[in-house]
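Have a look at the structure below, then the notes.
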Amino acid sequence: MATPIRSIRGMNDILPADVHYFQRLERAAEDVFSAFGFQHIRIPLLEKTEVFARGIGTATDVVSKEMYTFEDRNAESLSLRPEGTAGVVRAALQNGLLYGPVTRLWYRGPMYRYERPQKGRSREFYQIGAELFGVSGAEADAEVLAMGTLLWARLGLDDLRLELNTLGNSEERGRYRDKLRCFLLDHRAALDGATIERAERNPLRVLDSKDPAVQDLLSGAPLLQEHLGAESRQRHQRLKHYLDELGIRYFENPRLVRGLDYYSHSVFEWITGDLGAQGTVCAGGRYDGLVEIQGGKPWPGIGFAMGEERLVELLRQKDDIVPPAVHAYIVAAGEGCTESALKLAYDLRARVPGLRLINDLNGGSFKAQFKRADRSGALLALVLGEDEIAAGRVTVKFLRSGEDQCSLGRDELVQWIQQRIENL
C-alpha cells in the first residue's frame, strides 16, 4: 500500500469545525466594508515578481527571503502573492480604477511566505484587506480606522488596542532614518549581526525588533516625532481630533513605523494580548507613494490588512455558541421510505433557505440510523416510517433539547422548521 501523502509544512487544512469562524469573520467584513462603500475585488494568486519587488521592496525580508518565486516556461519570474496591497494597486492601475472619484476596494484570500511556521503564522495564511485611493486628508484615515473599529464591534472583539503614529512626509522620514542609522551603528557592539545588517539597509525595521536587548537600546534612540514639521504635526492632530469625536480610543506609539519608503503620515495597528508574541491582528497605514512606484501618476492611498487565522483564534477563545453543522437528519425505514425521504429532503431544501439537512443514505434499521443522526450533531430527526408515509406526516424527534416529539404534516413542517432555525 502506498504511503499517505501529507500536506506541505506550513500549509494547513482548515477543517469543517473551524470553517465556521472564518465564514463568520468574512461575512462580517463584507457587511461592514459594504456599509462604507467598499467594493470586493479579486486579484490573482500569481503575479509578476516585479509587482512585489517594486511594491514591497527588494531590501525587505519578504522579497529577498520569503517569497515563493519561480520562472515559468517563458522564463518570466513569477511569485505567489505574499500580501494583497501591491496586487490591488496593480489591478487598479491596469483596469483604470484610479484618477477619478474616490476608489474603495477590499479583498480576501490566501497569501504565501516561506518563513518558519509557528502559532499564528503559517506559510499559507489568509488575509482580508481594504484600500482607499484618492483622498490625502486625515478624514480618509479616520474613515478607514472607523471601519476597522466597527468590524471589531460587529465581531464582539472589544478588547483590541489601537496603536497610532505618524511618519511625516518622505523628507522628514528620510532625515530621521539617517539619524536612526547613525545611532544604531554607533552602538553596533550591542547588536547582533542580523540587526546590524538591518540597521545599515533599513533602520526603521529595527524598531520592530522583538529582542529585549534591542528594545532596551532603542529607549535612548531619537524619535521620529522630533523630526516632524509643523504641517505633519497639524495633520496628525486633525486625525486624533476626528477619532476623539467618533469616540474611537487609541494609544500613541512613537516606535510604530513602516520600513517602506512609500509610507507616509498615519500608521496604525490593532493588537491583542491574548495571542502571545503574535499580537498584531490588523495593521495598516497611508502609502501615498505606492501608486507612483507601480508605474502610475502620484495618487494617495491608505489601507489595512488583517490576518484571518489570528482573528479566528480570538473568536474561538470567546467560546461563542457555534451554530450546528446540521439542523435536521432524515431517518426513514420501511416500504417506500427511500423515495419518500428523497422527496422530503428535496422539498425542504428548496423551500427552507439556510436549512442544513442530511438525508441518511446508508439505510438499515431505525436504531442504526438514529446513531448516525446523533453522531452528525443534528438538532432534529425527521422520522419517516410506513405509518408516517401513509398519513403524509413526519415525526419530529428532538435529539438535543429533550422536548417531546411531535407529528407534523408535510406543508406544516416547512413553516415550522423555518421558524425553528431562524431562532437558533
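Counting only residues that are hydrophobic (A, V, I, L, M, F, W, C) and part of a loop (DSSP other than H, G, I, E, B), which one in segment 152-180 is surrounded by the fewest Cβ atoms within 10 Å (Cβ to Cβ)?
Filtering segment 152-180 for residues that are hydrophobic (A, V, I, L, M, F, W, C) and part of a loop (DSSP other than H, G, I, E, B), the one surrounded by the fewest Cβ atoms within 10 Å (Cβ to Cβ) comes out as 157.
Cβ-Cβ distance below 6 Å, separation of 6 or more or different chains: which pairs start in segment 16-40 with a residue that is of a type in the set (Lys, Arg) and end on one that is assigned to a helix (DSSP H, G or I) and surrounded by 15 or more Cβ atoms within 10 Å (Cβ to Cβ)?
Correct list of pairs: empty, since none qualify.
Among the residues of segment 62-103 satisfying the criterion of being touching a residue at least 40 places away in the same chain (Cβ under 8 Å) and within 21 Å of residue 116 (Cα to Cα), which is surrounded by the fewest Cβ atoms within 10 Å (Cβ to Cβ)?
Taking segment 62-103 first, the residues touching a residue at least 40 places away in the same chain (Cβ under 8 Å) are 62, 65-68, 83-93, 98-99.
From what is left, the residues that are within 21 Å of residue 116 (Cα to Cα) are 62, 65-68, 83-84.
On the way: 62: 18, 65: 10, 66: 16, 67: 21, 68: 15, 83: 17, 84: 23.
Checked segment 62-103; the qualifying residue surrounded by the fewest Cβ atoms within 10 Å (Cβ to Cβ) is 65.
Can you pull out the residues in segment 393-412 that are within 39 Å of the chain's Cα centre (by Cα) and surrounded by 12 or more Cβ atoms within 10 Å (Cβ to Cβ)?
398, 399, listed by residue number.
Which of the residues belonging to segment 104-126 are touching a residue at least 40 places away in the same chain (Cβ under 8 Å) and of a type in the set (A, V, I, L, M, F, W, C)?
Across segment 104-126, the qualifying residues are 105, 106, 125.
Could you say whether any residue in segment 367-388 is in contact with a Gly (Cβ under 6 Å, 6 or more places away or on another chain) and more than 30 Å from residue 56 (Cα to Cα)? Give the steps one after another, and end with the answer.
Step one: list which residues in segment 367-388 are in contact with a Gly (Cβ under 6 Å, 6 or more places away or on another chain), which gives 385-386.
From what's left, more than 30 Å from residue 56 (Cα to Cα): 385-386.
Yes.
Out of (1) in contact with a helix residue (DSSP H, G or I) (Cβ under 7 Å, 6 or more places away or on another chain); (2) surrounded by 13 or more Cβ atoms within 10 Å (Cβ to Cβ), the odd one out for residue 335 is which?
(2)
Looking at 302, 330, 248, which is the one that is crowded, with 17+ Cβ neighbours inside 10 Å, among the β-branched types (Val, Ile, Thr) and in a loop (DSSP other than H, G, I, E, B)?
Answer to the check: 248.
Does any residue of segment 42-49 turn out to be crowded, with 16+ Cβ neighbours inside 10 Å, closer than 23 Å to residue 297 by Cβ and at pLDDT 95 or above?
Yes: one or more hits.
Do we find a residue being surrounded by 12 or more Cβ atoms within 10 Å (Cβ to Cβ), among the hydroxyl-bearing types (Ser, Thr, Tyr) and at pLDDT below 95 anywhere in segment 371-379?
Yes, that holds for at least one residue.
The values are calculated or read from the model by the stated rules, or taken from the named source; none is laboratory data. Values in this document were obtained by computation on a predicted structure and should not be read as measured data. Glycine gets a Cβ as well: all are built from the backbone with ideal geometry, and neighbour counts include every protein chain shown.
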